Amino acid sequence: MNSNLSIYDNLGGEEGVRALVEAFYPRVQKNPLLAPLFPEDIRPVMEKQYMFLSQFFGGPPLFSEAYGHPMMRARHMNFPITVERADAWLECMGGALAEVGVEEPFRTFVLERLSGPAYHFVNTPG
Ligand code: HEM
């Protein structure tokens, strides 16, 4: 990890964020708590996540350019998100980060950045 660079650049830019998203969604689709929330055709969700994470990690603001203000909590309101689902989401992301070769301590650093939004999206009692 080079602390002078953004998370986006540390992950390897476009290629790295794409690889991360590709590693993440198969885990989501296999997770019994998460899978039922997602559509069978996961490709459009992957593309949006690629765009969002690029900007969240300090890369180009692809999501906002295409869809306007992210308002991510609001965009998740249609889905019953419990603490258990936030844990499961972060667990899938931890696995995906490991799969694409992101090593400690950077892996935990990235997960900590994502855990703020993940628990903020909880909108349903467990
Ligand atoms: C806390 C656990 C989470 C759950 C259970 C969850 C679940 C979902 C679901 C069901 C969708 C909609 C899929 C569809 O289009 O049908 C979605 C969309 C999305 N999620 Fe999450 N999510 C979680 C956390 C996060 C986090 C932490 C981020 C990013 C930091 C994120 C980023 C996104 C993005 C960018 C979209 C696409 C939004 C759009 O349609 O414009 N999610 N999520």
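Taken together, the values in this text are just the output of simple stated rules run on the coordinates, not laboratory data. Quick caveat, the model's predicted, so the values are computed rather than measured. Every residue, glycine among them, receives a Cβ derived from its backbone with ideal geometry; neighbour counts consider all protein chains shown.
At a glance:
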{"read-out": "Using alpha carbons only: equivalent-ellipsoid semi-axes of the chain, gyration tensor based, whole Å", "value": "22, 17, 14"}
{"read-out": "In degrees, nearest ten, helix 13-30 long axis to first principal axis of the chain (Cα)", "value": "30"}
{"read-out": "Relative exposure of Ser54, Ser64, Ser3, Ser115, judged by other C-beta atoms within 10 Å (fewest first)", "value": "Ser3, Ser64, Ser115, Ser54"}
{"read-out": "Mean residue ellipticity (222 nm) of the chain, computed from DSSP H runs ≥ 4 via -39,500 (n - 2.57), nearest 500", "value": "-19000 deg cm²/dmol"}
{"read-out": "Burial ordering of Arg27, Arg113, fewest other beta-carbon atoms within 10 Å first", "value": "Arg113, Arg27"}
